[in-house]
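Working notes, structure below.
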Amino acid sequence: MKKIIVILIIISSLFLFPACVSNTAEEQTKYTPITPNEQTTNNTPQKVNTLKVEILHFHPKTQCVSCKTLGLYAEETVNKYYSKELSSGRITFRHVNYELPENQDLVMLYRPPGSALCIGVYDDQGHLYIEENFGTWYRLENKDDFMNYLKQLVDMRLNGDLTKI
């Protein structure tokens with residue numbers, strides 16, 4: 001009887017916490033380049049001329065501790081290291097509740113699998129390169145490690161470097 005109860009609890013928890021689960025946890029990043037005609041290609045260049053970097057923390061209305069921490073650490077990192085870029089509009093940061101109807105355009109563009117930290121790099125050719133970053137999730141236990149990793153990543157994207165770290 002105890003085994004059945006444990007199995008039911010495990011199965012129930014899978015349905016309660018789907019927002020924190022990614023379909024491809026093995027990957028560190030996933031790019032979706034979008035051309036002005038909204039055509040998706042699989043040829044992501046390693047280097048582009050970056051005009052703007054958009055950092056989006058996608059989350060549901062009710063967030064788990066990890067989702068909240070991800071958003072707080074990301075916002076703190078961006079505010080601490082990129083105040084000049086935020087002021088100029090070269091970097092934008094937003095928390096996006098993917099359940100709200102007014103955010104559906106961003107959800108359809110970025111296609112987060114649930115809670116996610118996504119980075120969009122706009123280049124001078126009119127392309128948008130969308131990256132869902134998984135590496136930040138693995139650094140939530142150490143705020144300094146998280147901030148250093150995200151800073152390194154954002155620095156690379158600002159310099160047009162789309163390679164993985």
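No value in this document is a laboratory result; all are computed from the given coordinates. Since the structure is predicted, the reported quantities are computational estimates derived from the model, not experimental observations. Backbone-built Cβ (ideal geometry, glycine too); neighbour counts: all protein chains shown.
Figures for the structure shown
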read-out: Amide H contacts of VAL96 (H built 1.01 Å from N, under 5 Å, at least 5 apart or other chain); value: HIS57, PHE58, HIS59
read-out: Charge dipole (debye, nearest 20) of the stretch 28-158; +1 at Cβ of Lys and Arg, -1 at Cβ of Asp and Glu; value: 180 debye
read-out: Rounded to 5, the percent of DSSP beta bridges in the stretch 28-158 classed as antiparallel; value: 75 percent
read-out: Length added when fully stretched, LEU109-TYR81, from 0.36 nm per residue minus Cα-Cα; value: 7.4 nm
read-out: Mean Cβ neighbour count within 10 Å, used as a protection proxy, ranking 150-160, 75-85 highest first; value: 150-160, 75-85
read-out: Under the Karplus curve 6.51 cos²θ - 1.76 cosθ + 1.60, θ = phi - 60°, whole-Hz ³J(HN,Hα) for the stretch 142-148, x wherever Gly or Pro sits; value: 9, 4, 5, 4, 4, 5, 5
read-out: Anchor LYS143: aspartates and glutamates whose Cα lies under 13 Å away (excluding residues fewer than 8 positions away in-chain); value: GLU75, GLU76
read-out: Amide hydrogen neighbours beyond the local backbone of LEU51, cut-off 5 Å, H modeled; value: TYR122, ASP123, ASP124
